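No lab work stands behind these numbers, since they all come straight from the coordinates. None of the values given here were measured: they were computed from a predicted structure. All Cβ positions, even for glycine, are placed from backbone atoms using ideal geometry, and neighbour counts span all protein chains on display.
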Amino acid sequence: MSSQAQDDMSAADMAVRKFLKQVGVTAHQELSEALSKAVRSGALAAGATVSVSATIESADLQLSHVVTANLQAPDSDD
């Protein structure tokens, strides 16, 4: 993101972006490790499809947002 775009963002927008970046980075790490571990242990076949969902909730905002996807397990040598 350019410095001008950052300057144009409100503090509230920046806080939301920071939160979503943290969610994305940590979720990526956890999902990648879980998929690899499942393949290594034999609990999941390499290349298998796994359904996942993520929920972002805020009681204060009366918000519940669910995102779903299908992920592919890595090859056994990944």
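Structural remarks
- Residue pairs meeting the criteria (Cβ under 6 Å; at least 6 apart or on separate chains; first of a type in the set (S, T, N, Q), in the range 22-45; second part of a loop (DSSP other than H, G, I, E, B)): 36/74
- Pairs where the first residue, in the range 48-59, is touching a residue at least 12 places away in the same chain (Cβ under 8 Å) and the second is exposed (fewer than 11 other Cβ atoms within 10 Å of the Cβ) and among the polar types (S, T, N, Q), C-beta under 6 Å, 6+ apart: 49/70; 51/70; 53/68
- Subset tally (residues that are β-branched (Val, Ile, Thr) and in a loop (DSSP other than H, G, I, E, B)) for the range 41-69: 0
- Residues in the range 20-74 that are out of contact with any strand residue (DSSP E or B) (no Cβ under 9 Å at 6 or more places or on another chain) and loosely packed, with under 10 Cβ neighbours inside 10 Å: 41, 42, 59, 60, 61, 62.
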